[in-house]
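These notes concern the structure reproduced below.
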C-alpha cells in the first residue's frame, strides 16, 4: 500500500502495530527521537485521529494497541527516509518482542 | 485540630525499603496545586506566552540537571521521557494557542491542555491509562509549579536528619536526594515495586509506602517513627514509644555493626558442619545489599517481579537483559537460582485477562499458568537459557504437585533447548534444574521427585498455607498459620531425607529460612542450606556459628514430637533464649 505523489513529495504507508504492548511510552519516545531531525512533516493517522510524529505528547495520546492499522504520512525533503525508518521501527516491534 | 495533632497515631502501609528511623518530618508538598485561572486582556497575551516559555525552559534545565547525576538506567529513561515533553514544540504551540484564542492565563491554558490529554485516556485499558496519567501528572506538576513560581525543592537543601513525607516522590525527586541528609521516607502511594521503593532500597533508606493519607495528616516538624520492619509509621509518638524505638534503633545499628564483623567468615557450625546461606531477591539493585552482607549466591530470584514491575508481559529480550545482568553482576563463581514465573490470578498482570477465580491460591497459577500459556513460558525459558552462558544458572519451577507435571515441564524445557540448538544459539550445558517443594503432595512424594531433579527448595509460606488450609491474609484464621505445626516439620524432614537419599541439594527459602527462632530446629532436621532476604543473612549466619549440630538434632527430635503448636513454640522460644541469650534478648522484637 505505497503510493508516491511526486508533485508534493508526500509519501504514505500503512503499518500494523505488531508489538504486544502497543504504542506505549517507550515506543512513543523512540518514534519522536528518530523523527526529531527529519526535515519533513510526518504524521501518524489512526482512523480520524492524527498524531504529529515529532511530538511526544501527540504520539502518546494516539492510543494504538497491537493489531491497530496506522497510516504514516510524510511530506518534505526527508519524507522517504522518515517513512522508511518509521516503518522499520514498527517492523522491529520497537525491539520489544 | 491542634489537640488532635499531638495524639499518637499509627499508619499502616507497606515496606518500601526495610529499616527503622526516628526523626522530624519534612513535608514535601507535591499535593494538588491550586491552579489560578483567570481571563487576560489582549495586551497581556504576549506576557502570558513568555511566562509559559520561561516555565518550560526552567523545567528543561531542572531535568537536565537531574540527568547529570549518577542514575540507574531505568531512572534515566524516565527522566528522558519527561525531558522530551519540555522540547515538544507541538505541546508548546497548543498551550500558546489556548492563551491566544481563549484569552486565559498560562496556568489555565496548561491545565486545559492536560485535562484534555487525560480525557483522551478514558477509553484505554486500565494499566496503560494509569501509566500514562501518572506521566501526565508528573509533567503537568513540574510545568505548573514553575509557572506559579512555586519553589520545587530539589531536596538537596532539606534540613539534616529529616524524614521525607510526601504524597509521592518522583524519580526526579529521588535523583536530587542528598542521602546523607535524609533518614527515612513515607509516602501515600506506591508499593514494594514502585520506583521510589526500588530506589530507596538501593540507597538503604528506610521507607514505608502506600500509607494513603500520611501527607495530609503530617506537618513539617512532627515527630515521626518509620518502622519499615513492620510497615508502619507512628506520628507524634509518646515519649515512651520514642524511647522504645530509639533503643530498637541503636540495638539495630549495634547489631548491624557486630554482624558485619562476621561478614567474611564461613557459616560453619561450632562442630564444623558447613551451612550455605544464599539470598532471596526480586530486584537487580539488591545485589549490592547482598554483597554488603557477605552473601555470594542467589537461592531464589523471583522472576515474576520483572512482569509486575513492567505491569505487563516482559518480552524474551527484556528478560534476557535482566537475567544476564544478574549473572554477570554476581560473578562466575556464584550460583544464581531463578524461579520461573509465579503468577496467579491474584497477581496476574492485567494484560493477560486473569480469570476471575474464587480461590486463586488453588487456581491457575505458577507452573500451571505457564503450561497453559506455553508461549510466555517458552519466552522465559529461552531468555534463561540464553543468559546461562554468563555464569552458573539454576532453573527452578514453582508449585510442582506431581511427577506428570514435572515431566511435562522438563519436556517443554527440552523443546526450547532443541529450538535454540537449531538456531545455533549458545547456552550452558550444565544448568541444574530443580523444583520448589511447596505443595503438600510434592513433599509427600519427595522421594519420587528427587529422582528427576537436581535440587529442591522448600517454600514454607505456601507449604504451610496448603498443608494447614489457612489463608494468612484472612484475619479470622491467620492465627492458625503456624510454622510450628508438627505436620509442617514432618513434611520438611521427609523432604530433606528424600533429597539426601537421592544425593541432591535441598534448601529452605521462604520466611522460615530467615526466621532465626527456627534456625537450630531446621539444622537439627538436616537442613544445610538457607536462602533468606539479603539483610537477614548475617543474622542466620551469626546463629549458625554458635550452634552445635549434634545438640540441634536432639533439640529437633524433641520439638517434632510436640503435637500442640503452642507447646512447640513455647519450647523453641525458651530454649533459644536460654542457649543464645545475647542474640535473642536483643532479637525478640524483630520476630
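The values are calculated or read from the model by the stated rules, or taken from the named source; none is laboratory data. Being a predicted model, the structure only gives us computed values, none of them experimental. Cβ: placed from backbone, ideal geometry, glycine included. Neighbour counts: every protein chain shown.
Counting only residues that are buried (at least 21 other Cβ atoms within 10 Å of the Cβ), over 26 Å from residue B:311 (Cα atoms) and within 11 Å of another protein chain (Cβ to nearest Cβ), the stretch A:24-57 holds 2 of them. From the list B:491, B:522, the lone residue that is in a helix (DSSP H, G or I) and either within 27 Å of the chain's Cα centre (by Cα) or modelled with pLDDT under 90 (or both) is B:522.
In this structure, residue A:82 does not satisfy being surrounded by 15 or more Cβ atoms within 10 Å (Cβ to Cβ) and within 12 Å of chain B (Cβ to nearest Cβ).
Put simply, of B:96, B:61 the only residue that is out of contact with any strand residue (DSSP E or B) (no Cβ under 6 Å at 6 or more places or on another chain) and away from every other protein chain (no Cβ under 14 Å) is B:61.
The combined condition, being surrounded by 16 or more Cβ atoms within 10 Å (Cβ to Cβ), assigned to a strand (DSSP E or B), within 14 Å of another protein chain (Cβ to nearest Cβ) and in contact (Cβ under 8 Å) with a residue 12 or more places away in the chain, is not fulfilled by residue A:72. Scanning the stretch B:171-200 for residues that are out of contact with any strand residue (DSSP E or B) (no Cβ under 9 Å at 6 or more places or on another chain) and modelled with pLDDT of 75 or more gives B:179, B:180. If you go through the stretch B:292-337 and pick out every residue that is under 30 Å from residue A:66 (Cα atoms) and part of a strand (DSSP E or B), you end up with 1.
One line per residue, one yes/no per condition, for (1) closer than 26 Å to residue B:579 by Cα; (2) without any contact (Cβ under 8 Å) to a residue 40 or more places away in the chain; (3) in contact with a strand residue (DSSP E or B) (Cβ under 6 Å, 6 or more places away or on another chain):
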| residue | (1), (2), (3) |
| --- | --- |
| B:453 | no, no, yes |
| B:471 | no, no, no |
| B:487 | yes, yes, no |
| B:502 | no, no, no |
| B:529 | yes, no, yes |
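The listed residues are B:86, B:110, and the only one of them that is more than 10 Å from every other protein chain (Cβ to nearest Cβ) and buried (at least 17 other Cβ atoms within 10 Å of the Cβ) turns out to be B:110.
Looking across the stretch A:58-68, the residues that are more than 7 Å from chain B (Cβ to nearest Cβ) and surrounded by fewer than 24 Cβ atoms within 10 Å (Cβ to Cβ) come down to A:62, A:64, A:65, A:66, A:67, A:68.
Residues that are closer than 22 Å to residue A:25 by Cβ and touching a residue at least 60 places away in the same chain (Cβ under 8 Å) were ranked within the stretch B:287-313; the one that is farthest from the other protein chains (Cβ to nearest Cβ) is B:305. Residues in the stretch B:67-82 that are crowded, with 19+ Cβ neighbours inside 10 Å and either at pLDDT 85 or above or more than 29 Å from the chain's Cα centre (by Cα) (or both): B:82 only. Of the helices (runs of 4 or more DSSP H) that lie entirely inside the stretch B:528-591, those containing 1 or more residues that are at pLDDT 95 or above and out of contact with any helix residue (DSSP H, G or I) (no Cβ under 7 Å at 6 or more places or on another chain) span B:537-544, B:549-560.
Of all residues in the stretch A:77-97, those satisfying the criterion of being farther than 14 Å from residue A:53 by Cα and either in a loop (DSSP other than H, G, I, E, B) or in contact with a strand residue (DSSP E or B) (Cβ under 7 Å, 6 or more places away or on another chain) (or both) are A:77, A:80, A:92, A:96, A:97.
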